[in-house]
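The values are calculated or read from the model by the stated rules, or taken from the named source; none is laboratory data. Everything quoted here is computed from the prediction, not taken from an experiment. So basically every Cβ, Gly included, is an ideal-geometry build from the backbone, and we count neighbours across all protein chains shown.
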Amino acid sequence: MGALVSAFAAAGAKADDLSGAVSAMGDVDPSAMLVRLVKRVTFGINASELASAASLGYAGYLDQQLNPDLIDDASCAARIAPLASLTRNFWEIYRQPAAQVVNELIEAAILRAVYSRRQLLERMVDFWTDHFNIDVNKDACAWFKIVDDREVVRANAMGKFADLLAASAMSPAMLYFLDNHQSIAGNPNLNYSRELMELHTIGVDGGYTEEDVGEVARCFTGWQFTPDTAGSLAGIFRFNAAQHDNSAKRVLGQHIPAGGGINDGLTVLRILADHPNTARFVSRKLCRRFLGEGVPESVVRAVAARFVAADGDIREVMRCILAPQHMALATPRFKRPFHLYVSAIRATGCQIASTGGMRAQLRIAGHLNFNWPNPDGYPDRVDFWSGLALPRWNFAAQMMNNAISGITPDAASFFAGLSTAEEMAARIDAAMFGHEMPAAERRRVRDYLAIDPSSPSVRAEALGLAAGSPAFQWY
Amino acid sequence: MEPTPARCCPEYAELSRRGFLQAGAGSLAGLAAMASWLPRVAVARDYRSTLRDTIVWIYLRGAADGLSMCVPWGDDNYYLARPSLAIARPDSGAAARCIDLDGFFGLSPAMAALHPAYLAGDLLFVHACGSPDPSRSHFDAQRFMEVGQVSGDTSLTGWLGRHLASVAPADPLAMLRAVGISTGLQRVLEGGPATLPIPDLAAFGLLGNPATKTARTNALRDMYATVPDPLRATASTTLATVGLLDQIGFSTYQPGGGAQYNAAESLGYALKTSAALIKAQIGVEAIAIDVHGWDTHSAQGPVSGTMAMLMNRLSAALAAFHQDMGSGSNPGYIVAVVSEFGRRVFENGSLGTDHGHGNAMMLMGPAVAGGRVLRNWRGLAQEDLYDYADLQVTIDYRDVLAEIIEHRLGNSNIASIFPGYQPVNRGVLA
């Protein structure tokens, strides 16, 4: 318990929180807590991630992941360097075929999830990508989303929520996806206004009325982007004063005087970013993602309070969510297909060089990045995902059978130095499950290995079965 | 569970007459493979006598504009509210004008393919219909409708899932009672026993090294047998269903009645494979299908743009299904086409429409009292609109569903399916 107490203290807990946290954790083994943390902040554990976390301890590992800029990620950067669209401006991107830029965007998301050492950053990017969802299948969003991914989501994923929100509001991808670029004085388009409140900030029960939807829409009239006739200056946010409704508005009880121009929209963003219901709504969603669907309301309240106190600093909100006293209350999370596939690659030591095969697999499973049609982002509920088992089993089996283009399995290295089924099952338990593989499932995989422990195909298939096992579907 | 020859053989003879089932069945291997599911088919003959329909629940996600589908051309206010988006009267000279249905409503020209089903009395529109819940949030409104509640407790399972859970299976040996044509289970089916999301009925198999398929299947079966639900139920239904769907031969399925599905389009493909599934009579009682893309805030294009394309696909797929299922002696079906709410009566400044309230719902099937537009129309004058902007909801969608559940799905347990709601009989069935 000593290591845990010091870890907890280092994670910034006040002394009087400590006793409660320890009792809440009951008999949870400190190393089990660390494994749990690693599972929550990554796209899946493997032997090296666990070893690195063990050397840093709970607080040290958490602190490392909360400061992604300090993590050397050069090897991941080298892998995505050939994806030229990632660094280009809109006009350069726009002159490429849509399919090519979208594929590069998805390829980058996959490679980063697998290889980046900034794992928590990638989980946060995944979260905000859902929160501010944009479907690349909506016309120009194919080109706009690359810029949005870089300058809105990735740039602010661990920054201030208000900055993230404002960047999103000015993002051509969002302006296009939710039709705001066509919203004009006298006859506004309500699409962005409604989703801004319902999905991005205060939530559907956040206290806005139909009048507010109309008034907020008026505030954002004239928020557009430069057209493609602007050449190299195309696809950049611009405020078109001529199409802005400049008369007075009233939003959530606050008077917005006439003549505000672009400040009308900025004021609305500030009102929403500072609204206590935004703190609660976003905190609840983050808690659900990182701690479990049934997260206690008391935890949500504590996290929301931290959100307010830290002025929406996402890093501090995450530090609070991932603190040991909250991690102790975490319940199992069902891996969505992207998470499952990435975690299977990471845990089994497969190498992924190109992503055509992986993208096809994600499409079959219904979880291809940036392809959810609705503004609410891919669902995050076990009841939605748990019915579709075959793609989960098939991905692991095909990957280990060397049948997914771009992915190279390497069971030989995984089992290097081992000869018995028992030893190999033990390594699977350690590297893929952090020693938490249920005994019955471990026995069953061992029995499969025992068919012929020296056979390369049996070994590979056993890894596939382990990745398809019930316990591996959760984190 | 061995079939007796007396039960099995006539049924097998009947099955063999269906062209699409013959693939692979001519050989001994085919016979052996089919034998595993013949007993269930034999039982299917019994459940057909219960006259239960398979319900096909099609959800138009994003709030489809019912006023562009079933057009109130007899209401002048429609034309005043939509100077750019209105569809011309049937008696106008416009090239694209609606097809008169009853002297007041007209069918969108983009949905002309459905006119024969309407004339045959198999297609019913229920207008100014929907949920009385005032929400204009897609996600809340969809959830409420799928759960079968007006706001309130949405932690409930789906209404269709509750129906399935509260009625004996039509086929007592059915391994698969409901399918969501989706990668994730639609909420409407949550809580349903033997229910799976299956995105592609024709591609439902265990992959990997074929030589070890049995060994790997056994390992998966063992590992999942003792874990808690939902994964235990998912795995057992999945493993039971894999072999079953393999037998249906979707790829060689020949639709009846000369029906032409556009299988390159997702709804056409979903309905084609659904027809094969229903005809195979393996005990499937409900199929849920989603169609996305109806949130037309800008450039709605009901005549030649986005929405016209969506309506074209929808009506072509439904018309093919109607033709296919209507030819010869097929199991009963009923299609319900719904959307979370309608769109604002007045067009906005970007040639689109924003979120509204009341909407049109469609029912199709031999049991439907079709060839009509059922409504309690209050008009489109602004003072008659909901919030001065939207079509009223004058018929609760649950009235329509309750009648179907009781008379076509064999379940009178309406109180547990729609708790706290007393449905009104609207006479949607013949």
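Scanning region B:259-296 for residues that are among the hydroxyl-bearing types (Ser, Thr, Tyr), surrounded by 19 or more Cβ atoms within 10 Å (Cβ to Cβ) and farther than 19 Å from B:Ile248 by Cα yields a total of 1.
In the list B:Ala141, B:Ala86, B:Ala110, B:Ala64, which residue meets the criterion of being part of a loop (DSSP other than H, G, I, E, B), of a type outside the set (Lys, Arg) and either within 14 Å of chain A (Cβ to nearest Cβ) or surrounded by 24 or more Cβ atoms within 10 Å (Cβ to Cβ) (or both)?
On the way: B:Ala141 fails: part of a loop (DSSP other than H, G, I, E, B); B:Ala86 fails: either within 14 Å of chain A (Cβ to nearest Cβ) or surrounded by 24 or more Cβ atoms within 10 Å (Cβ to Cβ) (or both); B:Ala110 fails: part of a loop (DSSP other than H, G, I, E, B).
Going through B:Ala141, B:Ala86, B:Ala110, B:Ala64 in turn, the sole match is B:Ala64.
Set side by side, the residues B:Leu380, B:Leu363, B:Leu385 differ, and just one is buried (at least 20 other Cβ atoms within 10 Å of the Cβ), hydrophobic (A, V, I, L, M, F, W, C), in contact (Cβ under 8 Å) with a residue 24 or more places away in the chain and out of contact with any Gly (no Cβ under 9 Å at 6 or more places or on another chain), which is B:Leu380. Any residue that is part of a strand (DSSP E or B), farther than 22 Å from A:Trp372 by Cβ and within 11 Å of another protein chain (Cβ to nearest Cβ) - is there at least one of those in region B:150-169? No, region B:150-169 contains no residue that is part of a strand (DSSP E or B), farther than 22 Å from A:Trp372 by Cβ and within 11 Å of another protein chain (Cβ to nearest Cβ).
With respect to B:Thr234, determine if the residue is surrounded by 19 or more Cβ atoms within 10 Å (Cβ to Cβ), part of a helix (DSSP H, G or I) and more than 8 Å from chain A (Cβ to nearest Cβ).
Numbers: surrounded by 19 or more Cβ atoms within 10 Å (Cβ to Cβ): yes; part of a helix (DSSP H, G or I): yes; more than 8 Å from chain A (Cβ to nearest Cβ): no.
Here the answer is no, as B:Thr234 does not meet what is asked.
Taking the criterion of being within 9 Å of another protein chain (Cβ to nearest Cβ) and small (Gly, Ala, Ser), the residues of region A:180-206 that qualify are A:Ser183, A:Ala185, A:Gly186.
The residue of region B:216-231 that is surrounded by the fewest Cβ atoms within 10 Å (Cβ to Cβ), among those that are assigned to a helix (DSSP H, G or I) and within 7 Å of chain A (Cβ to nearest Cβ), is B:Asp222. Filtering region A:202-244 to residues that are among the β-branched types (Val, Ile, Thr) and under 28 Å from B:Gly356 (Cα atoms) leaves A:Ile202, A:Val204, A:Thr209, A:Val213, A:Val216, A:Thr221.
Does at least one position in region B:395-406 carry a residue that is touching a helix residue (DSSP H, G or I) at 6+ places or on another chain (Cβ under 8 Å), crowded, with 23+ Cβ neighbours inside 10 Å and of a type in the set (Val, Ile, Thr)? Looking through region B:395-406, at least one residue is touching a helix residue (DSSP H, G or I) at 6+ places or on another chain (Cβ under 8 Å), crowded, with 23+ Cβ neighbours inside 10 Å and of a type in the set (Val, Ile, Thr). Note on region A:376-428: among residues that are within 14 Å of chain B (Cβ to nearest Cβ), of a type in the set (D, E, K, R) and assigned to a helix (DSSP H, G or I), the one that is farthest from B:Thr241 (Cα to Cα) is A:Asp383. The set of residues in region B:181-214 being over 20 Å from the mean Cα position of the chain (by Cα) and either within 7 Å of chain A (Cβ to nearest Cβ) or not in a helix (DSSP H, G or I) (or both) consists of B:Ala203, B:Phe204, B:Gly205, B:Leu206, B:Leu207, B:Gly208, B:Asn209, B:Thr212.
Just one of the listed residues (A:Gly214, A:Gly253, A:Gly259, A:Gly203) is at pLDDT 95 or above, out of contact with any strand residue (DSSP E or B) (no Cβ under 8 Å at 6 or more places or on another chain), on the phi < 0 side of the Ramachandran plot and surrounded by fewer than 23 Cβ atoms within 10 Å (Cβ to Cβ), namely A:Gly214.
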